[in-house]
Amino acid sequence: MPRIFSCLFIIFIGVKTHSQTTAGKVYANDKTKESVLIINTTQDKMVSTDKWGNFEIVAAVGDSLIFSASFFGTQKFRVQPYQLKEQWVVELKEVLNELDEVRLTGTTPKIEEFNVEEYDKNFNDWLQEDIQKNWFLYSPKPTSSGIDFIAIAKLIFKNKKKRKKEKPDPNRFRVLELEELVAFFKTDDFFDENLLRNQLQISAKQEGMFFDYCESQQFDARLLQEKNQLRFLDYLLKLSKEFHQLSQETLD
């Protein structure tokens, strides 16, 4: 019988520990702040504040919590024992960054005319150099011009086929493309429509323009990797702030 009570006690303690939460209120500019994103990076949990600034999230002593919102600096905390027993307050500080002046011109970039003679010269130079370096790739039976064009065609096809099979190295810098960004927000569990609407304050009408603005910044595709999730979130908060400021200046 004592053994049964011991087992029940252990189970009770385990359940109690597992269900621990920390709760509090978030302020900004002396007012409660709604839709602040709170992330427990230790347990991979996420919530947001209600319209009164209240929050409650699963946590344990030592867990890392991150508080983030558009136009405000990100706050990071490590959970202390008292924060599991009583409510606590987080105050976000507004971040004010002036944007550089953006000037638009109506001039159209000049398109250089295609020079057939220069192209032929460059191609012939390349061809002669390649024949000297890779003579064994060309047929020993030359045509009347001294070059086996069938072998050249095979070589070009082989190189194109090889390039198609090669995949970009995920650990090397590469500019993120617009299609990748749009697809990422449609498939990722964290960076989704809810984050766009509530955290970045991007409406459905603004979504396309915001993605275009992100693409124009030509940022590193590696930010989409899971290990860079927090860095990508901070970067998106910065871009959304710049986007809203530019939109407001356009309306004014």
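The values are calculated or read from the model by the stated rules, or taken from the named source; none is laboratory data. Note that this is a predicted model, so its numbers are computed, not measured. We place every Cβ from the backbone using ideal geometry, glycine too, and count neighbours over all the protein chains shown.
For the stretch 54-72, enumerate the residues that are more than 25 Å from the chain's Cα centre (by Cα) and among the β-branched types (Val, Ile, Thr).
Those that are more than 25 Å from the chain's Cα centre (by Cα) and among the β-branched types (Val, Ile, Thr): Val58, Val61.
So which strands (runs of 3 or more DSSP E) stay within the stretch 37-112 end to end and still have 1 or more residues that are outside the structural domain of Glu242 (by TED's automatic domain parsing) and modelled with pLDDT of 90 or more?
Numbers: elements: 37-40, 45-48, 54-58, 64-69, 72-78, 88-92.
Result: 37-40, 54-58, 64-69, 72-78, 88-92.
Restricted to the stretch 197-240, and to residues that are basic (Lys, Arg) and farther than 19 Å from Ile38 by Cα, which residue is nearest to the chain's Cα centre (by Cα)? Explain how you work it out, then say what you get.
First, the residues of the stretch 197-240 that are basic (Lys, Arg): 197, 205, 222, 227, 231, 238.
Remaining after also requiring farther than 19 Å from Ile38 by Cα: 205, 222.
Numbers: Lys205: 21, Arg222: 8 Å.
Only one residue tops the list, namely Arg222.
Among the residues of the stretch 202-243, how many are farther than 19 Å from Ala183 by Cβ and surrounded by fewer than 17 Cβ atoms within 10 Å (Cβ to Cβ)?
8
For the stretch 58-76, what are the residues that are buried (at least 19 other Cβ atoms within 10 Å of the Cβ) and more than 16 Å from Asn194 (Cβ to Cβ)?
Restricting attention to the stretch 58-76, the residues satisfying the condition of being buried (at least 19 other Cβ atoms within 10 Å of the Cβ) are 59, 63, 65, 67-70, 72.
Correct list: Ala59, Asp63, Leu65, Phe67, Phe72.
Within the stretch 189-208, does at least one residue satisfy the condition of being part of a helix (DSSP H, G or I), closer than 20 Å to Ser70 by Cα, outside the structural domain of Met46 (by TED's automatic domain parsing) and of a type in the set (Gly, Ala, Ser)?
Filtering the stretch 189-208 for residues part of a helix (DSSP H, G or I) gives 193-199, 207-208.
Applying the additional criterion that residues be closer than 20 Å to Ser70 by Cα yields 193-199, 207-208.
Filter once more, keeping what is outside the structural domain of Met46 (by TED's automatic domain parsing): 193-199, 207-208.
Subset that is of a type in the set (Gly, Ala, Ser): 208.
For the stretch 189-208, residues part of a helix (DSSP H, G or I), closer than 20 Å to Ser70 by Cα, outside the structural domain of Met46 (by TED's automatic domain parsing) and of a type in the set (Gly, Ala, Ser): present.
Is the stretch 18-35 home to any residue that is surrounded by fewer than 13 Cβ atoms within 10 Å (Cβ to Cβ) and at pLDDT below 55? Working first, answer last.
Taking the stretch 18-35 as the starting set, the residues that turn out to be surrounded by fewer than 13 Cβ atoms within 10 Å (Cβ to Cβ) are 18-19, 29-31.
Those still in the list that are at pLDDT below 55 too: 18.
Among the residues of the stretch 18-35, at least one is surrounded by fewer than 13 Cβ atoms within 10 Å (Cβ to Cβ) and at pLDDT below 55, which makes the answer yes.
Can you find even one residue in the stretch 183-190 that is of a type in the set (A, V, I, L, M) and touching a residue at least 12 places away in the same chain (Cβ under 8 Å)? Before the answer, list the steps.
Step one: list which residues in the stretch 183-190 are of a type in the set (A, V, I, L, M), which gives 183.
After this cut, where a residue has to be touching a residue at least 12 places away in the same chain (Cβ under 8 Å) as well, the list is none.
No: the stretch 183-190 contains no residue that is of a type in the set (A, V, I, L, M) and touching a residue at least 12 places away in the same chain (Cβ under 8 Å).
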